[in-house]
Amino acid sequence: MSRRTIWSMLSLVVVLALLLVACKPTPTPTPTKKQLEIFSWWTTGGEAAGLLKLFELYNQKFPDVEIINATVAGGAGFEAKPALKARMLGGDPPDSFQVHMGRELIDTWVTTGYMDPLDDLYKQEGWETVFPKGVLEIVSYDGHYWSVPVNIHRANVLWYNKKVFEANGWKPPATFDEFFALAEQMKAKGITPLALGDVGIWASTHLFEVILAGTMGPEKYKGLWTGQTDWNGPEVKQALETMAKMLEYANPDHSALSWDQANDLVIQGKAGMTIMGDWVDADNLAKGFADSGWASPPGTKGIFIALSDTFGLPKGAPHREQAIEWLRICGSKAGQEAFNPVKGSICARSDCDPNLFGPYLKTAMQDWAKDAIVPSLAHGAAASEAWVTKINDVMTAFVTDKDVAKAQAGLAQACKDAGVCK
Amino acid sequence: MRRISWDRIISVLLILPSILAVAVFVYGFIAWSGWVSLSNWDGLRPDLSWAGFVNYAKLFATPRFQIDLRNTIVFTVLFLGACIVLGLGVAILLDQGIRGENFFRSLFLFPMAISFIVTGVTWRWILAPGDPATGRLTGINVLLNAVGLPLSQWYTDPTVIHIQPTGAVGQFLHRIGLGVLTTPNFGLPVAMISIVIAATWQMSGYVMAMYLAGLRGIPEELREAARVDGASEWEVYRHIVFPLLRPVTLSVVIVLGHISLKIFDLVAAMSKKGPGFATDVPAYFMFETTFQGDHYSQGASIAIFLLVTVSLLVVPYLVYSTRREAEL
C-alpha cells in the first residue's frame, strides 16, 4: 500500500470512531440517583424563590431525588411554551410542567392526548373538598382532573401610588367616567395617567380583558368564550372605544417597556395608575415600595378575573413515580402555604392560613371567597392558545391604529377561526 | 475490467457520513416542511392529510403577512444600501494608507463577532425613547435633547410614511387604477429604521472588509496608467475602481440579502412585532404562529416561502459562479 492509502485509511478510522462516539446514546441517569425534572418559566424574584421552596419541601421528604430545574425565562411563558411544545412533540416530555389553568391546559394538552388524568391523586388527597368548586370545574375535562393548581392570581387590579393620590386628594376611579375625569386631572399635573408596558403584547390584551369585563359584567364576559355573547355586539364595540380612549392617556413609549417597567413609572410617581395582574404586588415588595394602593379597575368591583399556574402529568414522563409525589406536594397545604406568600399569589386551596400573607393578598383572599370568578383571556384560562394568539394580533394593530370597526371584525373572525362562533 | 482503486472506495466512504447527514437533516427536513405546508396540520396533533395550496392562499390574504412582506422589502433595501455606502466609504478611506490601519480595520470589524441578540438588546436600550411629553427621557434621546436636536420615538414610532391618497400623486395613481399604492402596505414604517441602524452597525464592518480586499486586488499599475492618461482622482474611481469592484458588490448583495430575508433574532431581541406590526418580519410571524398559535401548516408555508425567496437570490449566483469557474 502506498503511503497515501495508509493516510486515507487512518482518517477513515478516525471518522468512523468519531461517528461511533456521536451515535453513542446520551448517558442515561444512573439508576442509584433518582431524578425529577420540573419545567417552568419561573426564573425571577418571588416566583423563582417560591419554586425553590417547593423543591426544598420535596427534598425534605425525598432527599435521594435530584431535582432538575428546567426553566425558560420570559414573561407569561411566551418563550417557555414554544420550547415545551418542541420537547413534547419530540417525545421528550419533562416529568411535570407549569401550565395555565383552563383552555390553555385543556385545548393544548388534554384534548390532544398528551396528559394522564389525576383522578386517583385527587381522591387520595381529598382535593375534591379543599379546592373551590369553580377551580375543580376549570381543571377538569371529560369527567377527569388533569392538573394540580398551585396558586391563584387576579388579573383585574388597578395599582396606584398612595402618596401621589393623597397629595392631590384623588380617589381610585370606580367607573370609566371617573377614570377619564381623573386622567384629565393627572394630565394637567404633568403625570402620565396610565402606565402601560406592552413590549409583550399580552399586556394590551390583558388591559382589554379587564375593560371587557368592566363593560359587560361577569355573565356576558363568560359568554364571550362559549359563543353566547356576540363579538359583533354593542358591548364589545363600547369596550374597544373605551380602550382606544384609555390608550390616549397611556405613556407613548409603551411598546418599549415591559409591565414591570411600567410599574416603575407608578413607583416613581411619574405615572398615576397601571392596570395589571396582582404579580405587581410581589414586584412592589421586591423593590421596597410600601406606598402601593390597589383597587378594582372601573366596572369590575365584585368580579375576580382569575388565572392559575398548575402542574400536570405528561404521558411518558421519565420519572413518573417522582412526578406524582411532586404533584402531591404542589397540592398540599404545606406546599401552597410555602409557595404562595413568596410568589405573591393566593392559595388555590381554601384552607390556607391568611396570617401568612401580606396586606394585599389578604384582601385578595377575601374577594376570592365572595366575588364572581371569571377566567382570564390573556393568561390562557378563557380561550385556547390559537385563539389568544389571533386576539393578540388584533390588539397589536389596534393599539396603533385604534380602528374600532376593524378590530371588532378581527375579534369576531378570531372567534370563528377558533371554532367557537358560527 | 478495471479494478476500482482503494483510494476511490475510501474517498467515497469518507464523504458518505456527511452526505447522509446533509440528506437527512437538511434536505429531508426541507421536504418534510414542504409536506407540512400542504397539509391540514392546525393544532398540536400532527394531521398530515392533504390540503393543497390553500395554506399559501390564506397566508397571502393575511393582513399581518402582507405587512411583513412590506417590512422585508423596506428592511432589505435600506439595510443593503446603508451597508454598501458605509462599508465602501470606510474601505476607501482605510485604503489611503493611513497610520493605524490595522487598528481601525479591527475596530470596524468587531461588531460582526457579536450575536444579533446582543446587538438587539443593546440597541433596544440605546434607542429606548422615554416620554418627551413629561420630560422623562431615556437612551439616545437624552443626548439628542442635550444638544438640541429633535427627538425620535425610534422603534416605538407607529408612523408609516406612504403616498397620501388625497395628494396630487395619490389622485393620479387612483385615476390610472393604481390606488393600491397609496395604502400603508406600500409605505415606509418609520420604526424599521431603528432596526436598520442596529443591523448596519453590525454588518457594515464586514462589507468594509470585503471591499478592502477588493481594493487591494486592483493593481496599482491600472490606476497609475489612468493618472498618466490625465484622469482626475474621481475619474480613476468612476472608471477603474468601481467597475472592478462589481463582483465584490455582487457577493455583498448575496450575503447581506439572505441575512435580511431570514432576519429573526435581531427583531426578536429588539422590538418584536413593533407597534402595529411596524417591525414584524416573516420569520418572527412564523415563530409565533407555529409555536404560540399551533398553526403548524401556516408556519411551514412561511418557511417554504422564505426558502424560495432566498433561493431566488442564491441559486442564480451559484450558477453564475460555477460557470465562471468552469471558464477559468
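Which residues, counting only those in segment B:298-316, are open to solvent by less than 30 Å² (accessible area, probe 1.4 Å) and under 23 Å from A:GLY380 (Cβ atoms)?
The one that is open to solvent by less than 30 Å² (accessible area, probe 1.4 Å) and under 23 Å from A:GLY380 (Cβ atoms): B:GLY299.
Do we have A:VAL99 as of a type in the set (A, V, I, L, M), in contact with a Leu (Cβ under 9 Å, 6 or more places away or on another chain) and surrounded by 20 or more Cβ atoms within 10 Å (Cβ to Cβ) here?
Judged against the criteria, A:VAL99 is a match.
Go through the residues of segment A:382-402 one by one and say whether even a single one is within 10 Å of chain B (Cβ to nearest Cβ) and among the aromatic types (Phe, Trp, Tyr).
yes
Looking at segment A:199-215, can you tell me whether even one residue there is within 14 Å of another protein chain (Cβ to nearest Cβ) and among the polar types (S, T, N, Q)?
Yes - at least one qualifying residue is present in segment A:199-215.
Among the residues of segment B:5-15, is any over 32 Å from the mean Cα position of the chain (by Cα), small (Gly, Ala, Ser), loosely packed, with under 12 Cβ neighbours inside 10 Å and within 14 Å of chain A (Cβ to nearest Cβ)?
yes
Open to solvent by less than 30 Å² (accessible area, probe 1.4 Å), under 19 Å from the mean Cα position of the chain (by Cα), at pLDDT 95 or above and β-branched (Val, Ile, Thr) - does that describe any residue in segment A:129-148?
Checking segment A:129-148: at least one residue is open to solvent by less than 30 Å² (accessible area, probe 1.4 Å), under 19 Å from the mean Cα position of the chain (by Cα), at pLDDT 95 or above and β-branched (Val, Ile, Thr).
Identify the residue in segment A:349-400 that is of a type in the set (A, V, I, L, M) and assigned to a strand (DSSP E or B) and, among all such residues, is surrounded by the most Cβ atoms within 10 Å (Cβ to Cβ).
Looking at residues that are of a type in the set (A, V, I, L, M) and assigned to a strand (DSSP E or B), I get A:VAL374.
Considering each of A:GLY200, A:GLY293 in turn, give the residue that is more than 22 Å from the chain's Cα centre (by Cα) and not in a helix (DSSP H, G or I).
Numbers: A:GLY200 fails: more than 22 Å from the chain's Cα centre (by Cα).
The unique qualifying residue is A:GLY293.
Quick check on my filter: what residues within segment B:67-91 are more than 25 Å from B:ASP280 (Cβ to Cβ) and not hydrophobic (A, V, I, L, M, F, W, C)?
Those that are more than 25 Å from B:ASP280 (Cβ to Cβ) and not hydrophobic (A, V, I, L, M, F, W, C): B:GLY87, B:GLY89.
Tell me which helices (runs of 4 or more DSSP H) are completely within segment B:167-258 and hold 2 or more residues being under 30 Å from A:ALA397 (Cβ atoms) and open to solvent by 20 Å² or more (accessible area, probe 1.4 Å), or say none if there are none.
By residue number, B:168-175, B:191-216.
With respect to A:GLY50, is the statement that it is away from every other protein chain (no Cβ under 13 Å) and within 21 Å of A:SER308 (Cα to Cα) true?
Yes.
Could you list all residues from segment B:259-293 that are under 26 Å from B:GLY87 (Cα atoms), open to solvent by 40 Å² or more (accessible area, probe 1.4 Å) and facing chain A (nearest Cβ under 9 Å)?
none
Can you pull out the helices (runs of 4 or more DSSP H) entirely within segment A:58-143 that have at least 2 residues that are within 17 Å of A:LEU36 (Cβ to Cβ)?
The helices (runs of 4 or more DSSP H) meeting that bar are A:80-89.
May I ask you to list the residues in segment A:83-96 that are within 11 Å of chain B (Cβ to nearest Cβ) and either surrounded by fewer than 24 Cβ atoms within 10 Å (Cβ to Cβ) or touching a Lys or Arg at 6+ places or on another chain (Cβ under 8 Å) (or both)?
Quick first cut of segment A:83-96, residues within 11 Å of chain B (Cβ to nearest Cβ) only: A:83-86, A:88-89.
A:ALA83, A:LYS85, A:ALA86, A:MET88, A:LEU89 - these are the residues of segment A:83-96 that are within 11 Å of chain B (Cβ to nearest Cβ) and either surrounded by fewer than 24 Cβ atoms within 10 Å (Cβ to Cβ) or touching a Lys or Arg at 6+ places or on another chain (Cβ under 8 Å) (or both).
Would you confirm whether or not segment B:23-38 contains a residue that is away from chain A (no Cβ under 14 Å), of a type in the set (S, T, N, Q), under 28 Å from the mean Cα position of the chain (by Cα) and more than 19 Å from B:SER301 (Cβ to Cβ)?
Scanning segment B:23-38 turns up no residue that is away from chain A (no Cβ under 14 Å), of a type in the set (S, T, N, Q), under 28 Å from the mean Cα position of the chain (by Cα) and more than 19 Å from B:SER301 (Cβ to Cβ).
Which pairs do you get when a residue that is of a type in the set (D, E, K, R), found in segment A:230-258, comes within reach of a residue that is open to solvent by 30 Å² or more (accessible area, probe 1.4 Å) and at pLDDT 95 or above, reach meaning Cβ atoms under 6 angstrom, with the pair 6+ apart or on two chains?
A:GLU235/A:THR215
With A:ALA334, A:ALA295, A:ALA369, A:ALA271 as the choices, which residue is touching a residue at least 12 places away in the same chain (Cβ under 8 Å), closer than 29 Å to A:PRO94 by Cα and among the small types (Gly, Ala, Ser)?
Testing whether each residue is touching a residue at least 12 places away in the same chain (Cβ under 8 Å), closer than 29 Å to A:PRO94 by Cα and among the small types (Gly, Ala, Ser) leaves just A:ALA334.
For segment A:320-342, check the following and say yes or no: at least one residue is outside any loop (DSSP other than H, G, I, E, B) and closer than 30 Å to B:PHE277 by Cα.
no
Filter segment A:183-194 down to residues that are in contact (Cβ under 8 Å) with a residue 40 or more places away in the chain and either at the interface with another protein chain (Cβ under 9 Å from one of its Cβ atoms) or open to solvent by 10 Å² or more (accessible area, probe 1.4 Å) (or both), then give me how many there are.
Qualifying residue count, segment A:183-194: 3.
Kindly provide the set of residues from segment A:195-247 that are acidic (Asp, Glu), open to solvent by 20 Å² or more (accessible area, probe 1.4 Å) and in contact with a strand residue (DSSP E or B) (Cβ under 7 Å, 6 or more places away or on another chain), ordered by number.
None; the set is empty.
Which numbered condition trips up A:GLY113, out of (1) farther than 28 Å from A:GLN366 by Cα; (2) modelled with pLDDT of 95 or more; (3) open to solvent by less than 30 Å² (accessible area, probe 1.4 Å)?
All conditions are met except number (2).
In segment A:404-422, how many are charged (D, E, K, R) and facing chain B (nearest Cβ under 10 Å)?
2
Of all the residues that make up segment B:70-114, how many are of a type in the set (Ser, Thr, Tyr) and modelled with pLDDT of 95 or more?
Adding up the residues that qualify gives 2.
Can you pull out the residues in segment A:353-370 that are more than 19 Å from A:GLY335 (Cα to Cα), at pLDDT 90 or above and charged (D, E, K, R)?
A:ASP367
Residues are listed down the side, and each one gets a yes or a no for (1) open to solvent by 30 Å² or more (accessible area, probe 1.4 Å); (2) of a type in the set (Ser, Thr, Tyr); (3) on the phi > 0 side of the Ramachandran plot:
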site	(1), (2), (3)
A:TRP259	yes, no, no
A:VAL266	no, no, no
A:ALA295	no, no, no
A:SER308	no, yes, no
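Out of the residues in segment A:268-291 that are open to solvent by less than 10 Å² (accessible area, probe 1.4 Å) and not aliphatic (A, V, I, L, M), state the one that is nearest to A:GLN366 (Cα to Cα).
Across segment A:268-291, the extreme among qualifying residues is A:ASP278.
Restricting to segment B:117-160, and then to whatever is among the hydroxyl-bearing types (Ser, Thr, Tyr) and closer than 20 Å to B:GLY276 by Cβ, can you tell me which residue is farthest from the other protein chains (Cβ to nearest Cβ)?
Among those that are among the hydroxyl-bearing types (Ser, Thr, Tyr) and closer than 20 Å to B:GLY276 by Cβ, it is B:SER152.
What residue, of A:LYS270, A:LYS287, A:LYS315, is of a type in the set (Lys, Arg) and not assigned by TED's automatic domain parsing to the domain that holds A:PRO193?
Working: A:LYS270 fails: not assigned by TED's automatic domain parsing to the domain that holds A:PRO193; A:LYS287 fails: not assigned by TED's automatic domain parsing to the domain that holds A:PRO193.
Step by step, each of A:LYS270, A:LYS287, A:LYS315 is checked, and only A:LYS315 is of a type in the set (Lys, Arg) and not assigned by TED's automatic domain parsing to the domain that holds A:PRO193.
Would you mind telling me which numbered condition in (1) under 18 Å from the mean Cα position of the chain (by Cα); (2) in a helix (DSSP H, G or I); (3) not β-branched (Val, Ile, Thr) A:LEU158 fails?
Unmet for A:LEU158, out of (1) under 18 Å from the mean Cα position of the chain (by Cα); (2) in a helix (DSSP H, G or I); (3) not β-branched (Val, Ile, Thr): (2).
The values are calculated or read from the model by the stated rules, or taken from the named source; none is laboratory data. The structure displayed is predicted, hence computed values, not measured ones. For neighbour counting, all protein chains shown are included, and Cβ atoms are generated from backbone atoms with ideal geometry for every residue, glycine included. SASA here: full protein model, heavy atoms, side chains in, ligands and nucleic acids out. Shrake-Rupley method; radii C 1.70, N 1.55, O 1.52, S 1.80 Å.
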